[in-house]
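Colleague: Before I ask anything, here is the structure I am working with.
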Amino acid sequence: MKTEKFVLDNGFETLFLKRNYSAGISIQLWVKAGSRNEIPGITGISHMLEHMMFKGSKKYGPQEHAQLVQANGGELNAFTSNDRTVYYDNLPPEKLSLGLVLESDRFLRLSLDEKEFQTERQVVYEERKMRTDNSPYGKAMEMLFALTFIAHPYHWPVIGWESDILSWTIEDLRAYYKKFYSPENVFLIIAGNFDREKARLLVEKKFGKWKKIELDNLRIPKEPEQNGERFTELKMRVELPFVFSAYRTPPYGSREALVFDIAERILSGGESSRIYRKLVYDTQLALSAGGGVYSFLDYGLFFVYGILNRGKDFNSMKRALFEEVEGFFSGVIKEEELEKAKNQLKAELVKSTEKTFSHGMLVGESYFYTGNPDFYLKKATLYDSITLNDFKEVGEKFISEIKRNTVVIKPEGKR
Amino acid sequence: MKKNDIFGKIDFFDNNGLKGAVVKRGGLGSISISLMIKGGDELNPLGKGGLSNLFATMMSKGTKKFSSLEIAEKLDFFGADFSFKADKDSIIFSFWFLKEHFDKIFPLIEEIFFSPTFPEDELNREKLKSVSSLYQMVDSPSALASYIFTMNIYSAHPYGNLPTPESISKITRGEIVNLYENIFKKNLLYLVVSGDLNAKIEAKLLKLFDKLPSGGEEKKVEKAMYRGKKFIFFDKPDSTQSQIRLGFEGLPRETDRYEVINLMNYILGGGGFSSRLLLKVRTEAGLTYSTSSSFDSYKNGGSFRVSSFSKTETTVDAIILTENVLSEFIEKGAKDKELKDAKSFYVGNLTLSLETPLDVAGKLMFAERYNLGNDFVFKERETYKRVKLSEVNLFAKKYLSSKNRLLVIVGNFSKIKNQLKKLENYGKVSVIEKLF
């Protein structure tokens, strides 16, 4: 099923995804700003603003938006990533108006109260401690991005450096809100079971008066070419040592990014994948091993990991992991492996469309990254066009020891 | 019984002792199969914690016709999702795959359920992984705190018989084979096939599971109890934040009017942004990013717990504030508006939370396991509408007032110890530095 788009005079875009069989609706507002849009000194402010969006607007007090959605049978939340900030309200179909009224109030008239800000800063500080400072895996992931990107804003964590969290001011937040929360920089998705005409009128009424502002051209640094491995080793109180490695890859939507989607499946898609078989099954060097792909606006990141099994040799595990990944692109890939990966990716797409919320997310992601809300519908065909030759090409360009970025975490007192 | 609802068309069956349901929803292009065994922790002999989970994992690690790798290869090839897991009261096997692959996946399902061989070498692999996973858990303060809480709140009861490296190492292939032979019987199973089904697929699946042996009886287990006061501190000297679990004995899921418990807990700490705990401890005081309360209610008892975390310096403040919220709730009760909002949440959200056939399958299995009746999925919303404020407040006094409390903190002991006097009502603190 295809989406429909309409645009208000102020440039605010709405995408309708009609699913008459849905039990509810999902309202999603996608802000085209994330940690990529920050500068040193205020890292994490996109995420902090996401928190403040729940802390009161002109008509509604702190947490009242959330309480009203829940009191009407709905659920809501928001998340910030490197490129974007997304807010959503999943509601029974008859509550479309409520969702739009609430969203319109905070997007057009956010309070940003100083006292609320100071308390919420502590909440975010706690969140950072939980996700990163007291989590070996969170810490390693933060280091991995910092190594892989040295000039581009993907270098810093979405939640922000600790010292920045402690030093933001309410003025920083107000400036950021004014700059990025504007009708041309946000789009709306309504997915599920709703009346098209009623929805259109409601959107016009609630977002039509949102003032358009001139968007600045962002000047985002490009990554310099990487000509040598970057490596860091941290000592922490961990029981099991582990390794995370990443290679910088092309952005979302490119043909090369699709090749990496497939490569990731062959290398780590299930218990029959290459990394699992070699590291977890055959040699039993790793308790767990695999990989993943991040696809962003400006770059991507292809990463692999291995967590050592008890009593096994760490260097043997690390060597086996690198051999498996770096040997893959220049080695022999079987047609069946390619077909398996494509089957997995297609099945995942179907599964994502079973829920109204995740279907809306697919549309949002497609539109945000490619400008085509129905891009996800084309993905299966695009995957089919990838051939064995494509792997050799991307491997030569992006995957080798000198392009590798590695974080190793070992227990204190051990080498 | 047949019902047509937004959940799809549900047909319940009882085929020669095997009970279950067929949930049909056309157009999706996918099929789900879920098989539940009515048995969980009570299947693990004392000192053999983790047996039921290892058994569940081993079901896909080799059959008469296929090796473990061949099974993984075939399921992965068709992009099928599968999950085999044991929980407190049940073991659930579930598959999700595209309808177009049914003919290829069906023989695998048949082999997995009817001809598992539990190879010794595969068992040794899984045992090593299970042991390593337990050490990995120690690296996660949150998982570690929950593990210590569960182990202590249920102590000698089967629910407290958790896996340890020692218990895993003692499990034998014979015990796994024995478990399979004893529990794969119609009376102990519940089957839900769901999704984009047609008559041929439905008939084939029901015929397959009709081959299961008859009989089977659930093991009787005493009710779990918790008495006394206990305060356990797991010292992680490099921590800058503490994980907190506090709670007491709860109640079995089959408790009459359980919907009152759900509403009461929603208002107290289960309702996310609408809950009192989140409002007081996070939104107003900024002492945590997350705090929630839950009644973990099972077949033979349960527990109530508050799960939270706070930076080292404010750990004790967060616990005291949590206690104050709890005391105020017991003393003054909920407000009309809080109950009205909680009821509206459940009434509206129950439909949204059952959007996919797999969601519906989960609910049906839950209803079966806790004897809630086949019509539970249709009637549940109505039960919430009837709850009165006086009932919520009565339940709060009855089920939240226990003096027999357990507190678990995972954090930096040396930096907190001087403040622990404020937590005297939990008894003397026991500090541990190593779990295994």
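Colleague: Of all the strands (runs of 3 or more DSSP E) wholly in the range B:1-93, which have at least 3 residues that are more than 26 Å from the chain's Cα centre (by Cα) and among the hydrophobic types (A, V, I, L, M, F, W, C)? Before the answer, list the steps.
Modeller: Numbers: elements: B:2-5, B:8-15, B:18-24, B:30-37, B:81-86.
Per the criteria, no element qualifies.
Colleague: If A:F6 satisfies all but one of (1) assigned to a loop (DSSP other than H, G, I, E, B); (2) open to solvent by 10 Å² or more (accessible area, probe 1.4 Å), what's the number of the condition it fails?
Modeller: (1)
Colleague: Sticking with this structure for a sec: Hey, could you check the range A:17-36 for residues that are open to solvent by less than 10 Å² (accessible area, probe 1.4 Å) and of a type in the set (A, V, I, L, M) and say which is farthest from the other protein chains (Cβ to nearest Cβ)?
Modeller: So, considering only residues that are open to solvent by less than 10 Å² (accessible area, probe 1.4 Å) and of a type in the set (A, V, I, L, M), the one farthest from the other protein chains (Cβ to nearest Cβ) is A:A33.
Colleague: Okay, moving on. Please verify whether A:E337 is under 20 Å from the mean Cα position of the chain (by Cα), crowded, with 18+ Cβ neighbours inside 10 Å and of a type in the set (D, E), treating the condition exactly as stated.
Modeller: On the way: under 20 Å from the mean Cα position of the chain (by Cα): no; crowded, with 18+ Cβ neighbours inside 10 Å: yes; of a type in the set (D, E): yes.
When the stated conditions are applied, A:E337 does not pass them.
Colleague: Something else now. Could you pull out every one of the helices (runs of 4 or more DSSP H) wholly within the range B:131-223 that has 1 or more residues that are closer than 30 Å to A:R131 by Cβ and out of contact with any Pro (no Cβ under 6 Å at 6 or more places or on another chain)?
Modeller: Passing ranges, in order: B:141-154, B:165-170.
Let's see how each residue does on (1) within 14 Å of chain B (Cβ to nearest Cβ); (2) farther than 27 Å from A:V408 by Cβ; (3) modelled with pLDDT of 95 or more:
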position	(1), (2), (3)
A:A246	no, no, yes
A:Y252	no, yes, yes
A:L258	no, yes, yes
A:I262	yes, yes, yes
A:R265	yes, no, yes
A:V280	yes, no, yes
A:G290	yes, no, yes
A:L297	no, yes, yes
A:F302	no, no, yes
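Colleague: In the range A:183-198, which residues are in contact with a helix residue (DSSP H, G or I) (Cβ under 9 Å, 6 or more places away or on another chain) and under 14 Å from A:A33 (Cβ atoms)? Give the derivation first.
Modeller: From the range A:183-198, those in contact with a helix residue (DSSP H, G or I) (Cβ under 9 Å, 6 or more places away or on another chain) are A:183, A:185-195, A:198; that's our starting set.
The answer is A:P183, A:N185, A:V186, A:F187.
Colleague: Given the conditions (1) facing chain B (nearest Cβ under 10 Å); (2) crowded, with 22+ Cβ neighbours inside 10 Å, which single one is not true for A:E94?
Modeller: It fails just one condition, (2).
Colleague: Let me ask another. Show the residue pairs meeting these rules: Cβ distance below 7 Å; 6+ apart or different chains; first residue within the range B:230-256 and without any contact (Cβ under 8 Å) to a residue 40 or more places away in the chain; second residue surrounded by fewer than 17 Cβ atoms within 10 Å (Cβ to Cβ) and aliphatic (A, V, I, L, M).
Modeller: If the second residue must be surrounded by fewer than 17 Cβ atoms within 10 Å (Cβ to Cβ) and aliphatic (A, V, I, L, M), no pairs are left.
Colleague: Something else about it: Out of the residues in the range B:13-45 that are of a type outside the set (G, A, S) and touching a Pro at 6+ places or on another chain (Cβ under 6 Å), state the one that is least open to solvent (accessible area, probe 1.4 Å).
Modeller: Step one: filter the range B:13-45 for residues of a type outside the set (G, A, S), giving B:13-16, B:18-19, B:22-25, B:28, B:31, B:33, B:35-38, B:41-45.
After this cut, where a residue has to be touching a Pro at 6+ places or on another chain (Cβ under 6 Å) as well, the list is B:23, B:25, B:41-42.
Numbers: B:V23: 0, B:R25: 48, B:D41: 17, B:E42: 16 Å².
Here the residue is B:V23.
Colleague: Select the strands (runs of 3 or more DSSP E) contained entirely in the range B:233-350, then report the ones holding at least 1 residues which are at the interface with another protein chain (Cβ under 9 Å from one of its Cβ atoms) and open to solvent by 10 Å² or more (accessible area, probe 1.4 Å).
Modeller: Numbers: elements: B:241-249, B:291-298, B:301-311.
Of the strands (runs of 3 or more DSSP E) lying wholly inside the range B:233-350, those with at least 1 residues that are at the interface with another protein chain (Cβ under 9 Å from one of its Cβ atoms) and open to solvent by 10 Å² or more (accessible area, probe 1.4 Å) span B:241-249, B:301-311.
Colleague: Turning to a different aspect of this structure: Find all pairs meeting these conditions: Cβ atoms under 6 angstrom apart; at least six residues apart or on different chains; first residue within the range A:98-124 and at negative phi and within 13 Å of another protein chain (Cβ to nearest Cβ); second residue open to solvent by 10 Å² or more (accessible area, probe 1.4 Å) and of a type in the set (S, T, Y).
Modeller: Between residues of the range A:98-124 that are at negative phi and within 13 Å of another protein chain (Cβ to nearest Cβ) and residues that are open to solvent by 10 Å² or more (accessible area, probe 1.4 Å) and of a type in the set (S, T, Y), the close pairs are A:V123/B:Y289.
Colleague: In the range B:203-224, how many are surrounded by 16 or more Cβ atoms within 10 Å (Cβ to Cβ) and in contact with a strand residue (DSSP E or B) (Cβ under 7 Å, 6 or more places away or on another chain)?
Modeller: Selection size over the range B:203-224: 5.
Colleague: Are there any pairs, at least 6 apart or on different chains, whose C-beta atoms fall under 6 Å, with the first in the range B:125-139 and touching a residue at least 60 places away in the same chain (Cβ under 8 Å) and more than 7 Å from every other protein chain (Cβ to nearest Cβ) and the second charged (D, E, K, R) and open to solvent by 30 Å² or more (accessible area, probe 1.4 Å), and if so, which?
Modeller: Going by the 6 Å Cβ cut-off, there are no qualifying pairs.
Colleague: Checking the conditions here, which among B:I105, B:I37, B:I33 is over 20 Å from B:K207 (Cβ atoms) and of a type in the set (V, I, T)?
Modeller: On the way: B:I105 fails: over 20 Å from B:K207 (Cβ atoms); B:I33 fails: over 20 Å from B:K207 (Cβ atoms).
Being over 20 Å from B:K207 (Cβ atoms) and of a type in the set (V, I, T) holds for just one of B:I105, B:I37, B:I33, which is B:I37.
Colleague: Which of the residues that make up the range A:275-301 are in contact (Cβ under 8 Å) with a residue 40 or more places away in the chain, open to solvent by 30 Å² or more (accessible area, probe 1.4 Å) and under 25 Å from B:L134 (Cα atoms)?
Modeller: A:K278
Colleague: Oh, and also: Would you confirm whether any residue within the range B:144-155 is within 11 Å of another protein chain (Cβ to nearest Cβ), over 17 Å from B:G302 (Cα atoms) and either touching a residue at least 60 places away in the same chain (Cβ under 8 Å) or surrounded by fewer than 18 Cβ atoms within 10 Å (Cβ to Cβ) (or both)?
Modeller: First, pick out the residues of the range B:144-155 that are within 11 Å of another protein chain (Cβ to nearest Cβ): B:144.
Next, from what is left, pick out any that are over 17 Å from B:G302 (Cα atoms): B:144.
After this cut, where a residue has to be either touching a residue at least 60 places away in the same chain (Cβ under 8 Å) or surrounded by fewer than 18 Cβ atoms within 10 Å (Cβ to Cβ) (or both) as well, the list is B:144.
Within the range B:144-155, one or more residues are within 11 Å of another protein chain (Cβ to nearest Cβ), over 17 Å from B:G302 (Cα atoms) and either touching a residue at least 60 places away in the same chain (Cβ under 8 Å) or surrounded by fewer than 18 Cβ atoms within 10 Å (Cβ to Cβ) (or both).
Colleague: What's the number of the condition B:S292 fails, among (1) over 26 Å from A:Q118 (Cα atoms); (2) free of Cβ contacts under 8 Å to residues at least 24 places away in the same chain?
Modeller: Every listed condition holds for B:S292 apart from (1).
Colleague: Would you check if there is a residue in the range A:73-96 being in contact with a strand residue (DSSP E or B) (Cβ under 7 Å, 6 or more places away or on another chain), closer than 20 Å to A:G360 by Cβ, in a loop (DSSP other than H, G, I, E, B) and hydroxyl-bearing (S, T, Y)?
Modeller: Among the residues of the range A:73-96, not one is in contact with a strand residue (DSSP E or B) (Cβ under 7 Å, 6 or more places away or on another chain), closer than 20 Å to A:G360 by Cβ, in a loop (DSSP other than H, G, I, E, B) and hydroxyl-bearing (S, T, Y), which makes the answer no.
Colleague: In the range A:245-265, which residues are open to solvent by 40 Å² or more (accessible area, probe 1.4 Å) and part of a strand (DSSP E or B)?
Modeller: A:R248
Colleague: Among residues belonging to the range A:225-241 that are surrounded by 14 or more Cβ atoms within 10 Å (Cβ to Cβ) and of a type in the set (S, T, N, Q), point out the one that is nearest to the other protein chains (Cβ to nearest Cβ).
Modeller: For the range A:225-241, the residue satisfying everything is A:T232.
Colleague: Looking only at the range A:266-294, filter to residues that are part of a helix (DSSP H, G or I) and not hydrophobic (A, V, I, L, M, F, W, C); which one of those is nearest to the chain's Cα centre (by Cα)?
Modeller: Initial filter on the range A:266-294 (part of a helix (DSSP H, G or I)): A:266-268, A:274-282.
Narrowing further to those that are not hydrophobic (A, V, I, L, M, F, W, C): A:268, A:274, A:276-278, A:281-282.
Numbers: A:S268: 19, A:R274: 25, A:Y276: 25, A:R277: 28, A:K278: 29, A:Y281: 30, A:D282: 33 Å.
Filtering the range A:266-294 for residues that are part of a helix (DSSP H, G or I) and not hydrophobic (A, V, I, L, M, F, W, C), the one nearest to the chain's Cα centre (by Cα) comes out as A:S268.
Colleague: In the range A:66-91, what residues are open to solvent by 10 Å² or more (accessible area, probe 1.4 Å) and under 18 Å from the mean Cα position of the chain (by Cα)?
Modeller: A:L76, A:N77, A:A78, A:F79, A:T80, A:S81, A:N82, A:R84, A:Y88
Colleague: Just to be sure I understand, how many residues within the range A:369-384 are over 16 Å from A:M1 (Cα atoms) and either charged (D, E, K, R) or in contact (Cβ under 8 Å) with a residue 12 or more places away in the chain (or both)?
Modeller: Number satisfying all stated conditions: 5.
Colleague: Right, next: Among the residues of the range B:68-95, which ones are out of contact with any Pro (no Cβ under 9 Å at 6 or more places or on another chain), farther than 19 Å from A:E339 by Cα and within 14 Å of chain A (Cβ to nearest Cβ)?
Modeller: Of everything in the range B:68-95, those that are out of contact with any Pro (no Cβ under 9 Å at 6 or more places or on another chain), farther than 19 Å from A:E339 by Cα and within 14 Å of chain A (Cβ to nearest Cβ) turn out to be B:F82, B:S83, B:F84, B:S94, B:F95.
Colleague: Under 6 Å by Cβ, and 6 or more places apart or on different chains, what pairs join a residue from the range B:343-371 that is in the same structural domain as B:S34 (by TED's automatic domain parsing) with one that is part of a helix (DSSP H, G or I)?
Modeller: none
The values are calculated or read from the model by the stated rules, or taken from the named source; none is laboratory data. Since this is a predicted model, take the numbers as computed values, not measurements. Positions of Cβ are generated from backbone atoms using ideal geometry, with glycine treated the same way; all protein chains shown enter the neighbour counts. What goes into the accessible areas is simple: the full protein's heavy atoms, side chains included, and nothing from ligands, DNA or RNA. Shrake-Rupley method; radii C 1.70, N 1.55, O 1.52, S 1.80 Å.
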